[in-house]
């Protein structure tokens, strides 16, 4: 069978492929993949559909596929766990769609100046929120930020072991493991999990005290943690870390800082977290945004792998200029010899974040934080009244909380399937990630949920659970 080149992919034309292979001295395309072990390569032809002959047919084909999705704009969603449905002000979309931001990667000196100023505003506003004077440009995700921070801490003190919570977002933990590298690699960092208390959902202080020592480069803590629980022992955890000579790294949801103290207030040396709640829509693929911040001390600044933006006076009195600082230590300046690898990231989202931060202001963060606490607590109280349903962890929670369905005799998977039949996305199923917890789900309630949305969830669950009996 003759395979015709796809009309939208000019490099699939045989003569073009031959010219490129001749230019690099390769006999055929297969030779380019010789370094991949044979058992990792597909040994049979892919069963691909025939190439579509026209752009209109391709467009219709893609729309048909996309229409199979069920998404949060037409379904009531209580999903969270790392990507949340928050309000995105229209002005955020309007600004990031402007051509000087949307299409600018590295442009003319004049466009760079305006972009650097916008990035500087992002760093300044986020720094004020997290109470840190040094903030790098964002990386792809919270997990990337945490991984970078752990490696940064190791470079500071030369130690090779890091302590992280056992009750961590599994996806974020996988990213952290990638950053810490396998044992066979020269820059490997050993990850030691710290247990969480099964009654409170918070970090187990006794287990931390038993595992921390002179080999510990950093202690990583999140508050609110993955279960939505506020880590009330954070000051004591910081004391233990500093007594062992380790860096204290705290991960946060920035929206929580309208009602919770900024991490440096209870001993954090490095602060990381997500920027997705700050004016960025939910999406799959690409980066959601993560940040790294610290005190403005040279020993920290010299170990940052991310781009840093600063300002200075110019030759004209009273004028300020904006530009990159310490760029030579990044992978942009030193390639593989940089502090850590960082490439084109979510810099456009930094613009959206800057717009969101400027709109909200301190009072706005207080209001949305108070609303998130009130909404989540109302939902938890209502759900806990259902027969067989419990909200098991004690203590304060923010935006997210764990719901235990074990006593209902139903699996979270079956309950979520029944909810979907009513146009509702239930909480994230934790039973596979944390089997020791039984049939539990992580529910998320944001400022977009109305009281009647929560009541609808409770009424629907009442019908689903009573139907079994």
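The values are calculated or read from the model by the stated rules, or taken from the named source; none is laboratory data. Computed from a prediction, not measured in an experiment: that's the story for all the values here. Glycine gets a Cβ as well: all are built from the backbone with ideal geometry, and neighbour counts include every protein chain shown.
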Handout entry: Considering residues of the stretch 402-425 that are crowded, with 22+ Cβ neighbours inside 10 Å and in contact with a strand residue (DSSP E or B) (Cβ under 6 Å, 6 or more places away or on another chain) only, the residue farthest from residue 254 (Cα to Cα)
Key = 412
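What do you reckon, is residue 279 assigned by TED's automatic domain parsing to the domain that holds residue 135, buried (at least 20 other Cβ atoms within 10 Å of the Cβ) and touching a strand residue (DSSP E or B) at 6+ places or on another chain (Cβ under 9 Å)?
no
Being more than 30 Å from residue 202 (Cα to Cα), buried (at least 16 other Cβ atoms within 10 Å of the Cβ) and in contact with a helix residue (DSSP H, G or I) (Cβ under 9 Å, 6 or more places away or on another chain) narrows it down to one residue among 347, 332; which is it?
Result of the check over 347, 332: 347.
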Fill in the blank from the handout: Just one listed residue, out of 348, 372, is at pLDDT 90 or above, in the same structural domain as residue 452 (by TED's automatic domain parsing), under 20 Å from the mean Cα position of the chain (by Cα) and not in a loop (DSSP other than H, G, I, E, B), and it is 372
Exercise for the section: Only residues that are without any contact (Cβ under 8 Å) to a residue 24 or more places away in the chain and in contact with a strand residue (DSSP E or B) (Cβ under 8 Å, 6 or more places away or on another chain): list them for the stretch 184-226, please. Expected result: 197, 204, 207
Completion exercise
Across (1) free of Cβ contacts under 8 Å to residues at least 12 places away in the same chain; (2) within 27 Å of residue 173 (Cβ to Cβ), residue 381 clears everything bar (2)
Exercise for the section: Name every residue in the stretch 284-296 that is touching a residue at least 60 places away in the same chain (Cβ under 8 Å) and out of contact with any helix residue (DSSP H, G or I) (no Cβ under 8 Å at 6 or more places or on another chain), in order of residue number. Expected result: 286, 296
Problem - Residue count, the stretch 305-356 (criterion: within 26 Å of residue 156 (Cβ to Cβ) and free of Cβ contacts under 8 Å to residues at least 12 places away in the same chain) - result: 6
Practice task
Being buried (at least 19 other Cβ atoms within 10 Å of the Cβ) and closer than 12 Å to residue 447 by Cα is the filter here, so list the residues in the stretch 369-384 that pass it.
Solution key: 369, 372, 373, 375, 376
